[in-house]
Every structure is written in structure tokens, then in C-alpha cells.
1. Can you give the mean number of other chain Cβ atoms that lie within 10 Å of the Cβ atoms in peptide B:232-240?
2. Counting other C-beta atoms within 10 Å, which of A:LEU75, D:LEU472 has the fewest, and how do the rest follow?
3. Which one, A:GLY114, A:THR138, A:PHE29, projects farthest toward the positive side of the charge dipole computed for the range A:29-204 from Cβ point charges (K/R +1, D/E -1)?
4. Among C:TYR104, B:GLY253, D:TRP204, flag the residue with its Cα farthest along the positive direction of the charge dipole of the protein assembly as shown, charges on Cβ as +1 for Lys/Arg and -1 for Asp/Glu.
5. Starting from the Cα gyration tensor of the range D:164-262, take the square roots of the eigenvalues, sort them a ≥ b ≥ c, and report rounded, prolate or oblate (rounded when a/c is under 1.5, otherwise prolate if a/b is larger than b/c, else oblate).
6. So how far, in whole Å, is the C-alpha centre of the range A:51-112 from the one of the range B:200-226?
7. Can you tell me the orientation of helix D:287-300 relative to chain D, as the angle in degrees between its alpha-carbon axis and the longest Cα principal axis, to the nearest 10?
8. When D:MET404, D:MET84 are ordered from fewest to most other Cβ atoms inside 10 Å of their Cβ, what list results?
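Here, each number is a calculation from the coordinates, and none is a lab measurement. Every value quoted in this text rests on a predicted model; they were computed, and no experiment measured them. All Cβ positions, even for glycine, are placed from backbone atoms using ideal geometry, and neighbour counts span all protein chains on display.
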Amino acid sequence: MAHTAAVHDSPDAHASHDAHATNTGISNFKLGFWTFLASECLFFGTLISTYMVYKGSAIVGPYPADLFDILHTTLSTTILLFSSLAMVLALHYVHEAKRNVAIGWLFAVIAMGGAFLYLEFQSYLKYIGYGLTLGSSTFGSSYYVLTGTHKAHVAVGMIWMAILAWRIHQGKIPPSKSDQVEVAGLYWHFVDIIWIVIFTLVYLIP
Amino acid sequence: MRVLPNWKSGVRPRVGAPLRALLPILLLALATGCGVEYPQSTIDPRSDFAEIIHGLYVSIFWWTMLILAVVWIALSWTLVKFRARPDDPKPKQIRGHLGLEIGWTVGPALIVVAIAIPTIQAVFATQRPLEGDPIVVEVTGHRFWWEFHYPEQGVTTANELWLPVDRPVSLRLGSVDVIHSFWVPLLGGKRDVNPVRAVREGQDPRYNWLYFTPNEPGLYMGQCAEFCGESHAFMSMRVNVVTEGDFDAWVAGWFDSSGAAIPGDPGVIEGADPEAGTAVGPRDDEVESGMATAQAGDAADDDLVATGRDIFLNQAACGACHAITGTAAQGDIGPNLTLFGLRTSLAAGIMENTPENLAAWIIDPERFKPGVNMPGTGYNMESRIVAGSPFFWPATGLDDEQVRAVSAYLLSLR
Amino acid sequence: MSESTRVTDSKPDVAHGEKQGSVAMYVWIGVILAVLTFVEVAVYLIEAFEAVEVPILIILSTAKLILVVMYFMHLKMDHRALTWLFMSGVVLAVFMVSALIVLYQVLPRFH
Amino acid sequence: MSTATIDQAHAGHSTHDEPTGLWSWITTVDHKRIAIMYFITATFFFFVGGVEALIIRMQLWNPEQSLISPELYNQLFTMHGTTMVFLVAMPMAVAFFNYVVPLQIGARDVAFPRLNALSYWIFLFGGIYINLGWFIGQAPHASWVGYSTLTSSAYSPGLNTDFWFIGLSIIGIASIAGGVNFITTIVNMRAPGMKMMRMPLFTWMTFVTSFLLITAIPVIAVALIFLGFDRTFGSVFFEPAMGGDPVLWQHLFWIFGHPEVYILILPAFGVISDVIPTFSRKPLFGYPIVVYAGILIGFIGWGVWSHHMFTVGLGPIADSFFVAATMIIAIPTGVKIFNWIATMWGGSVQFTTAMLFSVGLLAVFTVGGLSGIMHASAPVNLQQHDSYFVVAHFHYVIVGGAMMGLWAGLYYWFPKVTGKFLDETLGKWHFWTTMVGFNLTFFPMHFSGLFGMPRRIYTYSAELNVDLYNQLSTVGAFIFGISALIMAWNIYRSARRGAPAGPNPWNAATLEWSIPSPPHHYNFPEIPVVRSREPLWNAGEREEVLAVTMPDPAEEPVMPVPSYWPILLAFAITLAWALVMTGIWWVIVLGIVPVFFCVLMWAFEPAFPEGH
């Protein structure tokens, strides 16, 4: 807590902006969002647990080995990874007050998110064609609900990015308000790391 | 000679069994009058399994009483000694004491260890599959009754489990609908009866098991202990622990496809109406051939039984759900009714097996057991249609005289 | 959102000054992430690795996860409180997933 | 005569600068008003759940009695459990979090005032929603734990379970939002000098509880989503015929459910950790130990869930692990109890009603804790699980622990909230009728359980010979009901005509007592600087700031503006969830549109007045 003490050591440090100061120097929005992400860990943790618990319990096919096309998934995984890179660059340029570059990278994020969703829905259609549905087996149920929840997160993130791009375009997000972009970035990266885990546990580990 | 215990009294507790361990109960029992019997007591063990649990319970009970005494005495003493008085000075501002903290961390920790070690030993001791020659029973939970299948003996009965005394038992537990829990407190702890998960071909489905050795003959009460819907409270059972010889005789009686009485003295069978209870059922072939026999009882009773049998098998098609060994009735949806006349209780242990109760049950099962799948005689079954019960059977439409005949027939199966 | 942006208004330096990475660093990390992913896939595809596949995959994906969290999400440069908060969520989630896997996939083998 | 005194005493700071009227309550983002709304709503639901319990007790008066139908009985006990846990104990604790925590840490409000309002409205709508089933005779009926497969479409074909899972998931959103809010508030909004290890214990326990909320609720949320998918879209998570495992529901439920137990009890521990020092006139004995014990209880609470599942058949290895983990929790709990007694030791103990409830908690919670140790022993658990012994145990823990603590808090902080004392005579009546009624209700249940009465049964056989115990319980329940009426009457009367209380009527040590009662809507005229754990006791000696002596600020502090988006968003969320019941996918998707709209409007609305 040395940090806390440092913030408040000077007697007037709090008097001037007592409604604004935070103990940690982190904005409430960002701290609250990290807390929310901790909560999301458990949310996805439960979904992933269920998938793992049900691994091998499907009594009728198709089974994972019949369906998964690792190269296809590798492509979408790589795209999502690079969208994270685009996201961090967008934030970087918001800090630098280079609005148009930032908007450009945000569009890149949206585009890559869209490509990811497109590829994933393509495989959904393929799986459905092979007879894997929500109700066909425990594998179907746990697979679709886990990856579907992840896709819903990606979709929400894309809408969020679009709104941010618009706000940056309007000039409403100067560098001093960059944590609006930073928090959106945290969300996007979090969705990315969830996919890192899903990619390994669901697709790669037999 | 087989002696069925009185249905009403169940097992008589050994004198002082519940009192041995529990002082508060002693006081309460004194206050409420001694001699009260608790046929579902958890502290009156009659099997090795129940005894292990009870021993553990008693030791933990005394440990907790010790802790409770320490806390309550310390608390009361503090409150009395340090109650505020008008001229109290400001108390000394003590903030803590490391030694004390260590003391009241280590002390309870030691007690916890003292409890945990025998606990874990008991966990392993009670879940170890039995060696030797256990009798295996496959228990199936249904809403709201119990099915007991003896694979070695080839017997399938319902709601009253027969076990030989002093022989280890392995119960294999599985459910066909929701989760139930098999609990006969005098014979040991409960174990959930989970729905059996379907598995891929070549794999074995997983069941729960319960192991114990009953060590005293008697009629034990048990009950479903996991909430299973509307009639959860009415999902009872009886476990009839008998001598090895009686058990063998019971099994043999099962295969006397004639359905005639097993040798023995029917006169000692209590709990059944003398009229039907002491009557010995006619042999199937005799009924079929129309022979009126006079083995026991009078001809009118035999006629009634024969009529009932006909209604059961043909007119009311009871055999679509129920099975009776040696007849055309081979349904497996409802309880198997072979040797039904031997049962002390009716409808999964909720009432005494008398002709009156049986007739009332056949007329309107829903009245006694809401949500039951068995149809009554009448058509007032709207509630079940609305509730969308997955099973729905048309009413039997029997009149009272026919119901009386069916009851007489069923009670003659002994 | 605006209700919580007030600190940055008053103290912009604390909020971003110290934790800016360079573009080059971000790109490098992106490249490393991609390479790790390809290594993962290679381990999956090459049969020689079958025996050690699971631990290698878990280590690699953990490495990827840490890279993203530390650099893209700036946790390395940010306040320690955030690390504590987030890590406790991660730890509980990992504990839960492993406990359930043990209960369902490992322990039944002992029966 | 007293009225005049009060008016005089409080003139100038009560509510002269605050808006009044219904609209001001609907749009409020003031943590103190939200707290009051939480408290009133929770108390209302307390009476709803209480009436349910009394009907249950009447049905169990005699063996083989049929006062009500089994179906209604099942609905009653299901809703009694659901109501008392999710709509009474949790929100009542949250009411205290809301009122007390910002005041104790010297903050003007919580970190996210509008999110706070949203939590309340979601909780209210979710609570109403889950009760809607009563009006069509299809209240939830599969018990508060909702074990699969009893909740599947096959065995619960009506709307009962739909009301349950949808209502609970709505309330879950409120809990997660609340948890995020309080963690952020406590980490970020402390007054200068209020280090973590100087925080009052109640704030500490709020912190730990919030942590449990944000980590435990997502698990039940996912389980409810699975259940919803099974019921609505035909997935097979809990369908044994398709390889699904109903026991998985139990794991997920109790991974949430056990931390939930600590979510209920830790706030009460926090309350009495503040109340006992105040009325012993001594600082809390072993402050850091009590804090660490609380954290430890919270964390170990995550590794013990399967002790609710010893009968499920997990095998001896898993059973042993959970036995050991569970028993370890007894140690920090015991440490806390001894520290509380040591706090009183050597003190000058005043028996106010708040103190009586705290001491009462120590006395009866210990009983519940010890019967908990019995259940922790897996083999013994096989006899006691799902019997009335367990019913006795958890009521001793939740009523004798959580609720007693919250009632202590009620008597303790009521003067701060209203500026008036709760009547002490009525308070003592409340306490003693509670003690008698509570113990008479639940102590005999130990015996009915030991003698083999399973829980959740509509009626019991006369042969069990447990009618006497049941009749004692029923009598006790009615006495307990009377105690609740006394409490309600006391609150009503004292709020109007109670004796005036000054800023610090109990001579307590923590910051909330440094400001007028009731506080300004901006709480502190000037944010105090804290230099010790008991700032008010050391005032004068160590340059503590006593805000009550401060003049009102010349310029009002900038406070968040009221907003109607929280209630609208809460309604939109409730509606969106309710539409899941239709089972038509496009209706469900359409239901999300108002949610998005409200979120956008919320995001673009300035939280503080323009120019700040």
C-alpha cells in the first residue's frame, strides 16, 4: 500500500479533487472492469469445465475426431490473435491522438472479428450438416454453448468497437479519455485469451 | 416357521439404544415419556454399516459438546463478569495476544484432526466392495416406488426388500427417472439413486452401491430421502430381514408358479385381514379348470378370488403394467405383484395391506399418491392430463364389487 | 462510462504515462503469439510428440495467455492490485476446471 | 414535545437540499436511498417467506395431515428457500453494504452509483418475477436447489421451473454488478489514510463477500443457462438418456452454493465485529487475525462444495478430500468466535439490543457450526443428509448466524439512517421472542431428523413418532413470526417517533459516526483523513478529523445526477429474460434490442452534472 500513501501524502492532494481521487490511481471504470473480467473467468471456466467433464461421454456421433478441421480452426485462431494486435495498436494511436490511424485499426479489429465469426459459422454449418446439433449429444450441447457464448462475446465486442470508432471520429475520445478504449481493449483481449484456452483444450488436446 | 413382525410396530428399539449416547435426548425422552419407538431412528444401528456410522457419530457428538461447553462457558462468564457498571472506567485497550491466537488455532485444529482421521477411515471402510458371498440386489427407483431385483435368484419384487440376516448385501442403485435416495436408517446411511447415464456401446454404465450386513431380523422402515416430486413423502419402503431359511423359502415360493401358499402357518401372519389373509389362494390351474377347492376358506372366497383373477388378467388388463409370476401378467411398468399377499404394506409403504386399503387404492390411487401413474376406476383424472404426465393410462372402470374381487385375488397371492 | 473517467482527467500522467509500449514491441508479441500457435498445431500434427503432447500444449497456451495478459492488456506495467484481482479469478477458475476434470475423468478410473 | 426537539436537532441538514417524492426515489443513485429501498424490499420478502414457512409448519402439525395439497406444499417450501436466500438474506446484507460501506471508508458514494441503482431494480424485478408463478398456480416446485432431472421438461412440464431459472438468473446479474461495484468502491474510494488494514471489519467482510459474489454467481448463471437450454432448446446437458449427467448440476450448483453460504454469513460476522467492540468499549481483539480468518473462510469455501454431495456416490477418495477441506474451515471460524469473546473480555459490556443480537449470534451460531462438523464427517452425513437434522443445522447457521447479525446491524445503524433510535424495550422483546421462537422451532428438528424424518416431505407417517417435535417446531415458528411483527412495528414506530439520536449515539469508533444522523446526501462535508483503526476513539489524541464539527461546505460537493436509465435497463433485462420463456428464438433475439438501446443511452448519459 506504499502507492496509496504516496498518492495522499501531500495534504492538499485530496482536497483539490476529493470526489475524483482513487486510492490506486486506477480509474474506477478500469478497476471495475478488471473485476468483471475476474468474474468472466469463472463464467467461461464453468463452460469449459462442462465441456471437459463431458469429453468422451457422447453416446452417438458425430464425435470431435470426425469433425474438427484443425487447419481451418488454426486460421480463425490466428486471425483472432492478430485482431488483438490491432486492438492494442488502436489504443496506442488513441494515446498519440492520431484519430484516423486509431479508427483504422479499430476497423481492422472489427474486420478480423467478422472474419473469425464467418469462419466459425462456416464450421458450425458443416457440423450441423454432419448431424451435430444442440440436442444430438452431450458433445453437441457443451460444444455449441461454449463456443456460441464465446462468439456472442466477439459480436458484442465488434459493436462496442464500432461505437468507439464513431466516438473517436466525433472527437469525443481525446487521449485523456483513452481508458474508454483501453477497457474495450481489455474486453477484446480477454475474449482472445478465452479462445486461446478453447483452442487448446477443445481442439488440440485429444 | 416364518413370523412376520407386526406392521405397526416395526422394529422394537433395544432398550436405551437412543439414550446411550445422547444426554439431551435422555432428558427429552424422560419429559415425554419413555418407551417411545422410533422405527426410522438414525441412532439405533442394526447393521455393521449403521454401527460404524453410529460409533463415529457418538465420538464426534462428544467432541462438539466439549467445544460447545467451552464456548458457552467462556461466553457466559465474560458477559457476567464484564457487564457494564455505571462507574466503569475506560477498559484497557487490548488489541490482541499472539499466544492466545496460536492456542485457539492449534487447539481446534487438533480436535479436527481427531475427528477427521476416524472419519476418513470410516469412509474407506464403508465404501469397500464386499468380499465373500454377498447377496446382490439391483434397486431401481421409480416415481414413487422401489423395485428390487435379485439377479441370482431371478426374483423381482417391489417396495418390500427381503434380506437374510447376517449375510452381506450389495445394493446396486439406479433410477429410471429422477434422483431418489435409498435410506433405511436402522440399516445404515443413505445413498442417492441416480438416473443411470446412457453410455456408448461396450462401456459399463455407472451405478451407486451400498454395502452392509444386517445383524438382526426384523421389519425395517425406510424412505426415499431425495426430493423426487409430488409424492416424495409417499415413497416409503420396508426391509424384511429374516433368517436364511425363511429367505430361501420366500425365494422358493416365488417360483411356485401355481401361486399357492408357501408351507407355513398362515395364522401368525398379522396385519392382513383374517378373511382374505388366512385364505389360501387357489392354484392357477384349479381356477382355470374351474375346480373349486376347499383347501381353506369357503367356496365363496374362492369364487371371489377367481373372479378377481379374471378381471386382473383380462378385463382390466392390469398385466399391461404389473407382473405376477406364473400368469400372463408380465408388465414391467408398475411394481411386480407376485406374492403380494405377503406384503405388510401397500403403495410403497404408505398404508397397511388390508383388503379395505387395497380396494380404496385400486379405486383412486391419485388420492393417496398424487402424480402416480396407476389409473383409478373413475375418470376424474383431469389434473394429470393438464400436468402432462408422460404416462397416462385410461381408467379401469371397475365397479366396487369388481374391485373387491381384484383385492381378494391379490391378497391371495402368498 | 463518464462517471469513472474522472481520474484520468485530473491525473493523465499516472494513468498512461508509464505503461506505453512501442509499436514494434506489440508487433513482435503478435508474431510470437502466431509462432506459438503454429508450434502448438505442429505438436498436435506430429505423431512423435504424442506422449508429451498434453503438457506441451498446456505450457504453450499458458505462455500465449500470459503474453496477451501482460503486454496487450498492460498488466505488467499496471497497478499490482489489478494483477491480484484478475489472478484470483483465474486461479479459482483453474482450480474449478481441474477439480471437475479430476472428479469426472481421473477418479472414476480408481473404481 | 420530542418532535420539536428532533426538528430542531436536525434542522439544517436532514433533507432540505434533497429532492423528495416518488420520482426522486425511482431515479435516485444515492447509495443511502438505494440501501433503504433494499432493506424495505428484503423485509417485505422476509414476511412473504415467513408466511410460506408458517403454512408449511401448519401442514406438518400432525402426521398424515392434508391441510394443503402436496403440489402446493412443494411450491411453498421451494419458494420459502428461494425467497429467504436470494430475496431476503442476500439483499438485506446488500442494504447494509450500501448504506454503511461508503460511510465507513469516507467516500461520497459508491464507485458506480448508477450501476448500484441498476442492481437494486434488477433485484426487485427478478424478485417479483420469480413470485409471479403464484398468480397462475405454477410457482417453482423443484426445491431451492432445483436438482436435475426433476427440473427437466419431462418432470416439470409446467411454467414452474421457468419462473425459477429465469428469475434466479435475473437476480444473479444484480449480484455480480453489486460485487463489482463494492470491490471497486473499497479498493478505490477509501479516504486518505484509510489503509486496507485500517478498514472496519464490516467493510472487510463486504470486500470478501463481494469477491465471493463475482466468482460464485457466474457458476450458477452458467448452470441456469444449461437448464434453460435443456428446457427451451432441447440440449441434453442433464439428460441421462443421452449421456448427460444430472449430478453435474449438483456440482455446479454447490460450487456456487457453498460460497453462497459464506456470502450469507460473512456480512453478519462483519456486523458483529463492529458491534461487539463498540459495546465493549474495546478495540476488536486480534484485528488482523479476524480479517485473515474471514479471507481464509472465503477462499477455502471454494474447495468444499462436495460436502453437500456425500450421498451422491463420488467415491472414497473424493469424499475424503472434501471431508478434510470442510473440517479445515472450522478452524478459522472458531478463531473468529474466540476473538469476539476476547474482545468482550476485560471490556465494559453494554447490553443494548444490537449487542444482544450479536451475543445471541455467538451462542446459537456455534450450535449450527458444530452440527456442521457432524455433517462434515461423510459417513455421519449419510445418516443426516436430507433429514430434518440438516434443516436444523442450516437454520441455525443462516437464521442464528446471518439474520441475527443483520438484526444486530439494524439496531446498530438505524440511528444513523433515520436520526432516531429504535425503541430499546421493543427491541428487547424482539430479541427474546426471536431467541425463544427460533430455538423452539429449530432445536426439535435435530430430533425429528435423528429419528428419521426426511426433509422436503409433505407429511410424515405417524409411526415415526416425531409428531411431538413437529408440534414444538410449529409453536416455535409462530412465536418467531410474532417476533418479526414486533420488529416491523418497532421500525415503523421508531422511524416516526423514535428518540432522537445524535451523530454518534453509541460512542462508536468508525467514520460513519463522525457525520450527522441522517447524513447529508453527500455524506462528508470534507473527506476526512484517517490515522488509525478507531478514528473517533482517538479523536483529539491523534489529530483525527471529526466531520461532525465541520461547517457545511460553502459549495456543495459535486454528486452524481439522478437517472431513470437504471430502472429502464433493469426492466429491459427482465423483459429480455422473460421472453426466453416463449422458446421462440426470434422473440428472444428481439428482446435483446431494448437492452442494447438502454445500455447505449446509459453510456452516453453523463453521470455527473455537465461541466464536471
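1. Across B:232-240, the average partner-chain Cβ count within 10 Å equals 3.
2. Working: A:LEU75 14, D:LEU472 18.
Ranked by crowding around the Cβ, least crowded first: A:LEU75, D:LEU472.
3. About the Cα centre, the residue reaching furthest to the positive side is A:PHE29.
4. The one lying farthest along the dipole's positive direction is D:TRP204.
5. prolate
6. Taking the Cα centre of each part, the range A:51-112 and the range B:200-226 sit 50 Å apart.
7. The helix D:287-300 is inclined about 30 degrees to chain D.
8. Details: D:MET404 28, D:MET84 25.
Sorted ascending by nearby Cβ count, the order is D:MET84, D:MET404.
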